[in-house]
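This report concerns only the one structure given below.
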Amino acid sequence: MSEHHHHHHEEHSAKEAEALLRYMADHNEHHAEELTELSESFSENVRAKIAEAVKVLNEGNAKLREALAELEKEG
């Protein structure tokens, strides 16, 4: 599994914030993939719960992608 770092910043320029948002969306996709792989080590019941969590993560990430698309329209 990869090492995970969170970056906390107080203020960002619009371009920095957009780049960070894009990075976070990409990073979330990677986590979803890792969770799916990890779930293979567990029972069917646990795999099902992880699959539900990944689904919600992917839905949230889709919203982040929509926000990025909106930023591109505004840009």
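Each reported figure results from applying straightforward, stated rules to the coordinates on display, with no laboratory input. Remember, it's a predicted structure, so these values are computed and weren't measured experimentally.
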Theoretical ellipticity at 222 nm over the chain - DSSP helices of four or more residues, -39500 (n - 2.57) apiece, nearest 500 = -27500 deg cm²/dmol
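From Cα pairs below 8 angstrom and at least 6 apart in sequence, can you work out the relative contact order of the chain, rounded to a whole percent?
Values: 27 pairs, mean separation 27.9, N = 75.
Computed value for the chain: 37 percent relative contact order.
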note = Looking only at lysines whose Cα falls under 28 Å of Lys73's and that sit 8 or more positions away or on another chain, we get Lys15, Lys55, Lys63
remark   = Between the Cα axis of helix 44-74 and the main Cα principal axis of the chain, the angle (0 to 90°, nearest 10) is 10 degrees
query = If you line up the long axis of helix 14-39 against the longest principal axis of the chain, both from Cα atoms, how many degrees apart are they, to the nearest 10?
reply = 10 degrees
